[in-house]
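The values are calculated or read from the model by the stated rules, or taken from the named source; none is laboratory data. What you see is a predicted model, and the numbers here were worked out from it, not measured in a lab. Note that each Cβ is placed from the backbone with ideal geometry, even for glycine, and that neighbours are counted across all protein chains shown.
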Amino acid sequence: MKTVFSILLVLSCLFLQQRNAISKTHVHVVDGLASNNPPLKLHCASGDNELGWHYPKPGDDFNFSFTPSEVVTTIFFCHFWWGAKDSAFEVYNTDGNCGKDNSQICYWLVKEDGFYFAHDHESPPASAYVKKSGW
Ligand SMILES: *[C@@H]1O[C@H](CO)[C@@H](O)[C@H](O)[C@H]1NC(C)=O
């Protein structure tokens with residue numbers, strides 16, 4: 001009986017671990033600008049997660065991961081500054097950007113003419129990106 005219980009315990013831990021690994025969502029923000037002049041600056045946060053200020057260089061990938069809640073809406077937003085321009089939007093929303101695609105990998109590519117989005121790919125090819133908005 002004790003052995004059966006131990007086996008069940010180990011199995012349920014394995015199951016939970018796997019479920020956790022599978023349900024993590026990764027969001028990437030890639031600096032796709034051609035030059036660092038002017039440099040990109042960004043700040044990301046959710047309601048209870050401060051992801052800080054970031055000063056990427058062209059090609060840099062700022063990324064974070066989290067386990068979306070199954071009960072409440074999860075929202076991460078980022079604010080971007082580039083020269084005189086600035087723009088802010090939700091990089092993840094359970095019911096919107098990234099979240100509604102039901103994807104565990106989301107990429108945002110920041111370019112001179114705006115923000116491009118791709119999902120389901122690790123290091124997406126240029127052809128996978130779709131423009132979402134201008135600055
Ligand atoms: C994600 O960010 C880390 C730094 O926090 C970086 O080392 C890594 O290269 C990034 N991932 C990708 C796929 O570029």
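Of the residues Asp48, Asp101, Asp113, Asp86, the single one that is more than 15 Å from the ligand (Cβ to nearest atom), modelled with pLDDT under 95, over 13 Å from His28 (Cα atoms) and exposed (fewer than 13 other Cβ atoms within 10 Å of the Cβ) is Asp48.
Do the conditions hold for Ile7, that is, is it at pLDDT below 95 and either farther than 22 Å from Gly96 by Cα or within 14 Å of the ligand (Cβ to nearest atom) (or both)? Here the answer is yes, as Ile7 does meet what is asked. The criterion of at least 2 residues that are under 13 Å from the mean Cα position of the chain (by Cα) is met by the following strands (runs of 3 or more DSSP E) wholly inside the range 70-135: 75-82, 85-93, 105-111, 114-119. Do the conditions hold for Ser35, that is, is it modelled with pLDDT of 55 or more, under 18 Å from Gly114 (Cβ atoms) and among the hydroxyl-bearing types (Ser, Thr, Tyr)? Yes; evaluated as a whole, the condition is true for this residue.
If the condition is being part of a strand (DSSP E or B) and more than 16 Å from the ligand (Cβ to nearest atom), then the range 30-44 contributes only Lys41. The set of residues in the range 116-127 that are closer than 19 Å to Phe62 by Cα and surrounded by fewer than 16 Cβ atoms within 10 Å (Cβ to Cβ) comprises Asp120, His121, Glu122, Ser123, Pro125, Ala126.
May I ask you to list the residues in the range 45-76 that are farther than 19 Å from Val110 by Cβ and of a type in the set (Asp, Glu)?
Within the range 45-76, the subset farther than 19 Å from Val110 by Cβ is 46-50, 65-75.
Asp48, Glu50, Glu70 - these are the residues of the range 45-76 that are farther than 19 Å from Val110 by Cβ and of a type in the set (Asp, Glu).
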